[in-house]
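K.L.:
Could you have a look at this structure, given as structure tokens, before my questions?
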2 protein chains.
Amino acid sequence: MKAISYDRKSLIALLRQHDIAPTHQRLEIAHVLFSRGQHLSADQILAQVNERHAETSKATVYNTLNLFCQRGLIREVLVDPRRVFYDPNTRPHQHIYNIDTGEITDIAADALQVTGMPELPAGMVTEGVDIIVRIRNAAGPVR
Amino acid sequence: MKAISYDRKSLIALLRQHDIAPTHQRLEIAHVLFSRGQHLSADQILAQVNERHAETSKATVYNTLNLFCQRGLIREVLVDPRRVFYDPNTRPHQHIYNIDTGEITDIAADALQVTGMPELPAGMVTEGVDIIVRIRNAAGPVR
DNA sequence: GGGGTAATTAGACAATGTCTAGATATTGTC
DNA sequence: GACAATATCTAGACATTGTCTAATTACCCC
């Protein structure tokens with residue numbers, strides 16, 4: 001990750017760059033996502049935003065995450081059928097998913113290369129290629 | 001797809017090969033999956049199995065799909081955060097997902113090649129590599 | 001055919017995410 | 001700053017997908 005300082009001003013600028021009005025709640029949510037740089041679920045974000053004082057509702061967290069996705073500020077990661085994770089890193093990269101622990105790790109895009117992409121039907125364009133490498137402990141899950 | 005006839009006897013043999021007792025409900029569910037060779041959600045399978053006469057409960061459909069997955073008879077496909085799709089083709093291959101229509105198409109495994117897999121942490125093994133190519137209509141979604 | 005085990009069932013429950021209508025905040029204009 | 005217009009936020013109802021439980025039913029083997 002490039003070293004970016006995510007103070008209040010940087011976050012406001014970041015939202016403005018993506019045509020998002022920087023409200024208090026949106027800044028709180030952006031702060032949680034970008035300061036940790038981790039892959040978090042809506043639930044985890046809701047909990048962290050309201051850690052000290054309850055100040056953001058569930059609806060706002062979901063609305064905001066969907067808005068951030070639409071505007072290209074963050075990305076969805078679909079690895080666990082039970083919930084969506086959100087990735088503050090939108091530069092091209094792929095993911096390793098530990099099916100025992102649930103841990104998600106990045107793979108740099110320049111490491112992984114895909115060749116042999118088939119022709120798409122006429123009029124279709126590629127929106128993105130998601131790669132998930134599922135790993136587990138060789139000895140089996142810890143019980 | 002290899003041409004396989006999925007009559008009752010073949011399906012019974014298929015389940016037995018995977019250590020699954022061939023009950024009436026399991027055969028119905030296997031029939032829906034293998035005769036169409038499509039990617040179906042639990043809901044779609046439940047509806048198709050009970051199309052003529054209601055004979056299989058929701059719980060059984062979910063239990064059976066999970067059992068089939070565990071025993072390697074079918075595979076989960078995670079492309080839509082709202083529901084899991086099940087793929088009767090377990091040979092190595094990847095998927096194209098049309099984000100406008102929801103359509104899922106196979107890519108033959110020998111077409112797509114991935115190079116540059118990073119080293120895994122000690123004691124970890126790869127369970128599988130899932131690739132999803134998200135496509136859409138170049139002109140934007142039909143409204 | 002009887003007894004033991006495995007499978008199935010209806011419906012309650014859980015988790016994640018969406019929607020609605022009313023309240024609150026923000027912004028631009030004077 | 002005050003106002004109006006617009007955008008955002010909220011609580012809680014709702015929807016959907018999937019799991020669990022306790023009781024019933026089917027299957028299998030002797």
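What follows draws every value from the coordinates through simple rules; no lab data is involved. This one's a predicted model, so the numbers in the text were calculated from it and none came from an experiment. All Cβ positions, even for glycine, are placed from backbone atoms using ideal geometry, and neighbour counts span all protein chains on display.
K.L.:
For segment A:51-62, does any single residue satisfy the condition of being within 14 Å of chain B (Cβ to nearest Cβ) and within 11 Å of DNA strand D (Cβ to nearest atom)?
P.N.:
The answer is yes, given that some residue of segment A:51-62 is within 14 Å of chain B (Cβ to nearest Cβ) and within 11 Å of DNA strand D (Cβ to nearest atom).
K.L.:
Quick one: which strands (runs of 3 or more DSSP E) lie wholly within segment B:72-143 and hold at least 1 residues that are within 7 Å of another protein chain (Cβ to nearest Cβ) and out of contact with any Cys (no Cβ under 8 Å at 6 or more places or on another chain)?
P.N.:
B:75-80, B:83-87, B:104-108, B:113-115, B:124-137
K.L.:
Looking at B:Ile131, B:Ile96, which one is buried (at least 18 other Cβ atoms within 10 Å of the Cβ) and in contact with a His (Cβ under 9 Å, 6 or more places away or on another chain)?
P.N.:
B:Ile131
K.L.:
Which of the residues that make up segment A:110-125 are under 24 Å from A:Arg91 (Cβ atoms) and in contact with a Leu (Cβ under 9 Å, 6 or more places away or on another chain)?
P.N.:
Listed by number, the residues that qualify are A:Val114, A:Thr115, A:Gly116, A:Met117.
K.L.:
Take the residues of segment B:29-86 that are away from DNA strand C (no atom under 11 Å from the Cβ) and of a type in the set (Val, Ile, Thr): which is nearest to A:Pro81 (Cα to Cα)?
P.N.:
B:Val84
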